[in-house]
1. Scan (1) in contact with a helix residue (DSSP H, G or I) (Cβ under 7 Å, 6 or more places away or on another chain); (2) modelled with pLDDT under 95 for the single condition residue 207 breaks and write down its number.
2. Could you run through the range 116-170 and say how many residues are under 24 Å from residue 100 (Cα atoms), touching a strand residue (DSSP E or B) at 6+ places or on another chain (Cβ under 8 Å) and within 16 Å of the ligand (Cβ to nearest atom)?
3. Might you let me know whether the range 264-274 holds any residue that is more than 11 Å from the ligand (Cβ to nearest atom) and either assigned to a loop (DSSP other than H, G, I, E, B) or under 22 Å from the mean Cα position of the chain (by Cα) (or both)?
4. Those residues that are within 13 Å of the ligand (Cβ to nearest atom), touching a residue at least 24 places away in the same chain (Cβ under 8 Å) and under 20 Å from residue 82 (Cβ atoms), I need them from the range 23-56; list them, please.
5. Of everything in the range 58-75 that's away from the ligand (no atom under 13 Å from the Cβ) and touching a residue at least 40 places away in the same chain (Cβ under 8 Å), which residue is nearest to residue 116 (Cα to Cα)?
6. Can you confirm whether residue 78 is within 16 Å of the ligand (Cβ to nearest atom), in contact (Cβ under 8 Å) with a residue 12 or more places away in the chain and buried (at least 19 other Cβ atoms within 10 Å of the Cβ)?
7. Search the range 101-117 for residues being in a loop (DSSP other than H, G, I, E, B) and in contact (Cβ under 8 Å) with a residue 40 or more places away in the chain, and hand back the single one that is farthest from the chain's Cα centre (by Cα).
8. Filter the range 23-48 down to residues that are in contact with a strand residue (DSSP E or B) (Cβ under 9 Å, 6 or more places away or on another chain) and surrounded by 13 or more Cβ atoms within 10 Å (Cβ to Cβ), then give me how many there are.
Ligand SMILES: Nc1nc(=O)c2c([nH]1)NC[C@@H]1CN(c3ccc(C(=O)N[C@@H](CCC(=O)O)C(=O)O)cc3)C=[N+]21
């Protein structure tokens, strides 16, 4: 029977530390770090996620601004807006919520963000530095996953087998890189992989980031594995669920993260940390 690892509890501790830092800066009469979140359009899930980010900023006393732009905004107008945030000295972190409307080139927008303010870690410079193990902003979900592993004392990954299911630019690829940087032997599986279940069953650490409700069955999981569930899906009853068949897999794994209250809250905590980091680098 696995230990259920509540990212929400770890995130609470991180946010308490950050709140104390905000308080200290305030008492020193310093400017406070500021995160700007840009939301284009009215996608309901996106709206709920950005609201969570704003709420977390308020909780810890970090400055924040949610900028809502119309669904039909031109790419040029969005790029101009980002440029304004880039040169605004009061802004430390910029996050453009994804996905963007289809008429906007997502890469162009991510490339337009000043790498010094790229608290999402999605800029090619940030991703390149991650590959080279240079100091940079690490994207929030992968960073949160690594923090969970540290928190459970599972951070000596030398000789360990990690399997990442999913190859997205925002989770699968960067988390695979981080695991490699920590000396794990990493296999990345995806929709075209044959025998995923056999590969997954060899994992000491299994990261599920595919976006398919309860896709990972207990038979895919090695006894005693660490299972990290990144999925945020709705099942047939519109209930929030992960990529892992939680009830069955928890009988086999040593550690498992739930959905909700697992990786999601860690993503937000890492975003706040990255924003403070951007501020500290800027202020020297
Ligand atoms: N530029 C950009 N950066 C992102 O980091 C980004 C993004 N775009 N687009 C969408 C995804 C998704 N994402 C989540 C963050 C927190 C929760 C979260 O806190 N979830 C809670 C509750 C979820 C709920 O109740 O709906 C939980 O899992 O317990 C979920 C999802 C960030 N994303």
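The values are calculated or read from the model by the stated rules, or taken from the named source; none is laboratory data. Just so it is clear, the structure is predicted and the values come from calculations on it, not from any experiment. We place every Cβ from the backbone using ideal geometry, glycine too, and count neighbours over all the protein chains shown.
1. Checking residue 207 against (1) in contact with a helix residue (DSSP H, G or I) (Cβ under 7 Å, 6 or more places away or on another chain); (2) modelled with pLDDT under 95, the one that fails is (2).
2. Final tally of qualifying residues: 5.
3. Filtering the range 264-274 for residues more than 11 Å from the ligand (Cβ to nearest atom) gives 272-273.
Imposing the further condition that a residue be either assigned to a loop (DSSP other than H, G, I, E, B) or under 22 Å from the mean Cα position of the chain (by Cα) (or both) reduces the set to 272-273.
Yes - at least one qualifying residue is present in the range 264-274.
4. If the condition is that a residue be within 13 Å of the ligand (Cβ to nearest atom), touching a residue at least 24 places away in the same chain (Cβ under 8 Å) and under 20 Å from residue 82 (Cβ atoms), then 35, 36, 37, 38, 39, 40, 41, 43, 46, 49, 50, 53 are the ones that fit.
5. 62
6. Numbers: within 16 Å of the ligand (Cβ to nearest atom): yes; in contact (Cβ under 8 Å) with a residue 12 or more places away in the chain: yes; buried (at least 19 other Cβ atoms within 10 Å of the Cβ): yes.
Yes: the conditions hold for residue 78.
7. First pass over the range 101-117, keeping only residues in a loop (DSSP other than H, G, I, E, B): 101-105, 113-114.
So of that shortlist, the ones also in contact (Cβ under 8 Å) with a residue 40 or more places away in the chain come out as 101, 104.
Working: 101: 21, 104: 22 Å.
Here the answer is 104.
8. Number of matching residues: 13.
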